[in-house]
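**Student:** Here you go, one structure.
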Amino acid sequence: MGSVTPKARNIEITAESLREDLARLEVQKQALERELSAVTAHLDSVQRALSALQALMPMAAASSAAPGSVDVGPAAEPAPEGADASRARTDHADVEAEADSAPKYGKLTEQILTYFAEVADTDVRARDVAAALGRDTDSGSINAVRSTLDRLVGSSRIRRVGRGLYRAAKP
């Protein structure tokens, strides 16, 4: 009874290998489900933010299209569903402030370029840039700085010198 045939041994090895694969695949499935959940939540928040901005865009266009008209602002309109009304007012103010600043760049872009002109050859993190600009109060503000940094890297206005590190571009 102590002898096991080679076929039986191969079956045992295959079964053990399949059990290991099953355990690995279950862990991978759980990780992917968590990632999908996070992506879905992020997608929902981006859709809500985009909806809020789209609701504000006609107001900004109307106030700039009709000189001398009075902009009643977002307080006269209900905030988009799921949006914080004070955040909508702040976003609207940012849109107006950026419209009043230099026409080819947004306010944040100009602030970042000014900051990099001041720090010259120093490597800085996005979080440090956000803190220097007073935009480190929430993850959305920090992410706006990161996105702007990425656009500036893409247009060669600043350089990425390492993972998460940025430096002013050489003239």
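The values are calculated or read from the model by the stated rules, or taken from the named source; none is laboratory data. Just so we're clear, the structure is a prediction, and the values are computed from it rather than from any experiment. Please note: Cβ atoms are built from the backbone with ideal geometry, for glycine as well, and neighbour counts cover all protein chains shown. To get the accessible areas, we keep the full protein, side chains included, count just its heavy atoms, and leave off ligands, DNA and RNA. Shrake-Rupley method; radii C 1.70, N 1.55, O 1.52, S 1.80 Å.
**Student:** Within region 114-149, count every residue that is open to solvent by 70 Å² or more (accessible area, probe 1.4 Å), assigned to a helix (DSSP H, G or I) and either over 26 Å from residue 46 (Cα atoms) or not basic (Lys, Arg) (or both).
**Tutor:** Adding up the residues that qualify gives 6.
**Student:** While we're on this one: Regarding residue 151, is this residue closer than 18 Å to residue 53 by Cβ, modelled with pLDDT of 90 or more and of a type outside the set (Asp, Glu)?
**Tutor:** Working: closer than 18 Å to residue 53 by Cβ: yes; modelled with pLDDT of 90 or more: yes; of a type outside the set (Asp, Glu): yes.
Against the criterion (closer than 18 Å to residue 53 by Cβ, modelled with pLDDT of 90 or more and of a type outside the set (Asp, Glu)), residue 151 qualifies.
**Student:** If I filter region 150-161 for residues that are assigned to a helix (DSSP H, G or I) and of a type in the set (A, V, I, L, M, F, W, C), do I get at least one hit?
**Tutor:** Checked against the condition, which is being assigned to a helix (DSSP H, G or I) and of a type in the set (A, V, I, L, M, F, W, C), region 150-161 yields at least one hit.
**Student:** Any chance you could count how many residues in region 153-171 are open to solvent by less than 40 Å² (accessible area, probe 1.4 Å) and either over 15 Å from the mean Cα position of the chain (by Cα) or among the polar types (S, T, N, Q) (or both)?
**Tutor:** Matching residues across region 153-171 total 6.
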